[in-house]
Amino acid sequence: MHKIGVGHASVTELEKRYVLDALENERLSQGKYVAKFEKEFASLHGQHYGVMCNSGTTALHLALETLKEADGWDSGTEVLVPAITFIATSNACLHAGLKVKFVDVDKDTYNMDPKEIEKHITKNTKCIIPVHTFGMPCDMEKIMEIAGRHGLRVIEDCAEAHFAKVDGKTVGSFGDISAFSTYVAHTITTGVGGIVCTDNREYMEILRSLVAHGRACTCERCVASDGASVCPKRMQTELDRRFTFVRLGYSYRVGEIEGALGLAQLERKDEIMEKRHQNAEYLIKKLEKYRHVLRLPYHPDNVEHTYMMFPVVLEKDSKVDRKEFIGYLEQHNIETRPMLPLLNQPVYKELFGDIEKDYPVAEYIDQYGFYIGCHHGMGKTELDYIVNRIGDFIGNLP
Ligand SMILES: Cc1ncc(COP(=O)(O)O)c(C=O)c1O
């Protein structure tokens, strides 16, 4: 069997056509493709504004810096982050000079456990970042209720859950700002990249400014200015507003090639999502008989899971050694990844000390969890192969 990777990017004639068109237009920085992708992606997540940037991490960083400016957060501000997530979520807070407080996760959904949130709220807490891990939306009703009661902002980290829904409402439309990654293994990809979405005009203006060096004018014509159409406001001030910088910004932009790729992927989103969904459901059905050994992805009925990957947690009582199991899968060309362990990372042990033991569910997942792929590049042959290899391993257990 060929290598079955955890992620997959499929490039069809459509992506090639759009990228070629972007190249032929001879406008490589932001232009019509970026603008269209931003509008459509945001709108598909129930938001008015989208600002493309060069990664999911910079999307989070921009969101945090925006709220920091709008609400006047100081360096003592604390942000709540789940104890299981990709390290970028909490890194973005640290890069923004904020304090991170971790919240344990739920044992079935692997997302921030709403029951655990309030014990970490102090007078310095200003924001919660729920992360919709592996394509599974968080319990947003409870999280928004807690945030509302304590006057906290909410940034949704939707890097792994494009288009996932709760009660028919898309992730990214619950909080104040939402951040997405479009890195290769993600549902919609632009190679590398990200996008930050919001409904709030003031936030959008700060986001647009921050993404481009802290520029004063953030209107569409200035952002995508090709010299042909000049913003009427641009020259009304002493300095050209496009080259007046009013805050300490970043160079986090992407260009038309990413915009073109993203737009083509968006047009194929139903096909991509449908396949991932079918694959994950097939794996769940076929692996059901090994539930005494494997904890499989779960979602309540009101949720649309988008299965960015297929997380598996070993049952402790089964006495299966994770290292041996993973080694066996890898040996048989089934790629695995650790299940987003965070608190046991060397850099975090140095920064936060030995705190993993205070988060028993995350600690369990760190020790017993891993994930494999269920992406749209896989078909029945690959899925059956995975099921059979897992069956062989479990069948041979003493
Ligand atoms: C939950 C989560 N947040 C943030 C990121 C960061 O995205 P990027 O790699 O595009 O910076 C990722 C990346 O995979 C992620 O999984």
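Read the figures in this text as sums done on the coordinates, not as results from a lab. These numbers were taken from a predicted model, which means no experiment stands behind them. As a convention, Cβ positions derive from the backbone with ideal geometry for all residues, glycine included, and neighbour counts pool all protein chains shown.
At a glance:
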read-out	value
Note, ³J(HN,Hα) from phi for the range 287-299, Karplus 6.51, -1.76, 1.60, rounded to Hz, x at Gly and Pro	8, 3, 5, 9, 4, 5, 10, 10, 8, 9, x, 10, 8
Net charge over other residues, Cβ less than 11 angstrom from the Cβ of Ser75 (K, R count +1; D, E count -1)	0
Rounded, prolate or oblate (a/c below 1.5 giving rounded, otherwise prolate when a/b exceeds b/c) for the chain by Cα gyration tensor	oblate
Length added when fully stretched, His213-Glu24, from 0.36 nm per residue minus Cα-Cα	65.3 nm
Ser318/Ile355 FRET efficiency (R0 41 Å; Cβ-Cβ; nearest 0.05)	0.90
Rounded to the nearest 20 debye, dipole of the range 269-395 from Cβ charges on Lys, Arg, Asp, Glu	280 debye
Calculated from backbone phi, Karplus (6.51, -1.76, 1.60) coupling profile of the range 376-391 in Hz, x at Gly/Pro	6, x, 9, x, 4, 4, 5, 5, 5, 4, 4, 4, 5, 5, 5, x
Proxy reagent accessibility, fewest Cβ within 10 Å first, across His186, His332	His332, His186
Dipole magnitude (debye, nearest 20) for the chain, charges at Cβ of Lys, Arg, Asp, Glu	400 debye
Relative exposure of His132, His2, His61, His48, judged by other C-beta atoms within 10 Å (fewest first)	His2, His48, His61, His132
Tilt relative to the chain, helix 256-267 - C-alpha long axis, 0 to 90 degrees, to 10	50 degrees
Dipole magnitude (debye, nearest 20) for the range 34-124, charges at Cβ of Lys, Arg, Asp, Glu	80 debye
Length-normalised contact order of the range 269-395 in % [C-alpha pairs under 8 Å, at least 6 apart]	35 percent
For the range 194-204, 3J(HN,Hα) per residue [Karplus equation, 6.51 cos²θ - 1.76 cosθ + 1.60, θ = phi - 60°, Hz, x = Gly/Pro]	x, 8, 10, 10, 7, 9, 9, 5, 4, 4, 4
Using alpha-carbon coordinates, inclination of helix 322-331 to the longest axis of the chain, degrees	80 degrees
Neighbour-count ranking [beta-carbon atoms within 10 angstrom, fewest first] of Glu335, Glu202	Glu202, Glu335
Nearest 10 degrees, 0 to 90: helix 140-150 Cα axis against the chain principal axis	60 degrees
Nonlocal amide H pairs with Val105, under 5 Å, H built at 1.01 Å	Ala83, Asp113, Val361, Ala362
Cut-off 15 Å, label 7 Å out along Cα→Cβ of His332, residues of the range 355-385 by amide N	372-373, 381-385
Options Ala362, Leu383, Ala216, ranked by Cα towards positive dipole end of the chain, top entry (Cβ charges)	Ala216
Ellipticity estimate at 222 nm from DSSP helix runs (n ≥ 4, -39,500 (n - 2.57)) divided over the chain, nearest 500	-11500 deg cm²/dmol
